[in-house]
1. If each of GLU233 and SER264 carries a label point 7 Å out from its Cα toward its Cβ, how far apart are those two points in nm?
2. Just need log10 I(q)/I(0) for region 134-208 at q = 0.17 Å⁻¹, Debye formula, equal scatterers on the alpha-carbon atoms, no solvent, rounded to two decimals.
3. Please work out the FRET efficiency for the pair THR101 and ASP33, using the Cβ-Cβ distance as r and a Förster radius of 35 Å; give the result to the nearest 0.05.
4. Per residue of region 244-260, in order, report the coupling 6.51 cos²θ - 1.76 cosθ + 1.60 (Karplus, θ = phi - 60°) as ³J(HN,Hα) in whole Hz, putting x for Gly and Pro.
5. Tell me whether region 90-215 comes out rounded, prolate or oblate; compute the Cα gyration tensor, take square roots of the eigenvalues as a ≥ b ≥ c, and use a/c under 1.5 as the rounded threshold.
6. Keeping all protein chains in place and using 1.4 angstrom, which order do ARG156, ARG263 fall into by accessible surface area, from largest down?
7. Which ³J(HN,Hα) values, rounded to whole Hz and listed in residue order, are derived for region 168-185 from phi using the Karplus coefficients 6.51, -1.76 and 1.60 in 6.51 cos²θ - 1.76 cosθ + 1.60 with θ = phi - 60°, glycine and proline given as x?
8. Which residues' amide hydrogens lie under 5 Å from the amide hydrogen of TYR199, considering only partners 5 or more residues apart or on another chain, with H built in the peptide plane?
Amino acid sequence: MRRRFLPLLAAALLVVPTIPGAAHADPSYPFRDPHLTLQARVDDLVGRLTLDEKISLLHQYQPAIPRLGINLFKAGTEALHGVAWSNDLDNGGAVVQADGTSFAQPVGLASTWDTALIERVGSAVGDEARGFHAQNPRVFGLNLWAPVVNLLRDPRWGRNEEGYSEDPLLTGAISTAYGEGLQGGEPDHLKSAPTLKHYLAYNNEAGRDVTSSNVPPRVLNEYDRAAFKPALEANAATGVMASYNLVNGRPATVDPDLATLERSWSDYPSSTSRTRWPRPT
């Protein structure tokens, strides 16, 4: 359970300010100590959460936990090729469009084969994400749902413009550059927190929550998984979003890869870069 909650609780620890006036929240809790390791802080916080509180943290809007002095946390914002939209909890979850810069669709960005340019694009998107978050943190979060690294394996897929290419090498290089730009170059905090999606073999729209992508082992390892590995190895992403579909008969949301294989590709949370998380400006 602790490993599954690590990314979102780490963000909650270091992004979300404590609730003003929450004097009843013990300030000596270890999870409030910035001198402890991220793993130690998350372990302490998870150990204090009730089952209902843990379940509540699985939602897009993670509600406040007043007894621990933790405020509401907005979990994500769409930023595929610019800050696009988010949902408004205070307005029935209505979609709020962001009046931000719209760069070329990812398939066009990858066609440049220019990783330096893509990093600059990511940096600009991260800057704007910071701005929207500063204006309204209840709508625009700093956890960004991007980049999409699903490979363009079938021209009939309705989301082909969201991916970079059919090649895992190019996809890995471009997604790494975009993720590094989104994160920024500060040594002690992230500009924003990119999330790779959708793991794994997510190339269908109709019935996507009930259909199974049946993929032979060689294709799974040398093709689909290979697209996710570079950005994680480079610490250019802070998390991975599970796909809606099943993979070889198992729901991707319970794929053991999320806590085993994918973590082995990264030195998270031991590396210095992996201890950086977005903090309020």
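The values are calculated or read from the model by the stated rules, or taken from the named source; none is laboratory data. Because the structure is predicted, anything quoted here is derived from the model rather than measured. In this analysis, Cβ positions are derived from the backbone assuming ideal geometry, glycine residues included, and neighbour counts consider all displayed protein chains. With ligands, DNA and RNA removed, areas are computed over all heavy atoms of the protein, side chains included. Shrake-Rupley method; radii C 1.70, N 1.55, O 1.52, S 1.80 Å.
1. Distance between the two pseudo-spin positions: 1.4 nm.
2. -0.73
3. It comes to 0.35.
4. 7, 7, 8, 10, 6, x, 10, x, 4, 5, 10, 5, x, 3, 4, 10, 10
5. Because a/c hits 1.5 or more and a/b fails to exceed b/c, region 90-215 counts as oblate.
6. Ranked from most to least accessible, the order is ARG156, ARG263.
7. x, 5, 5, 4, x, 5, 6, 5, 5, 5, 5, x, 5, x, 4, 6, x, x
8. MET241, ALA242, SER243
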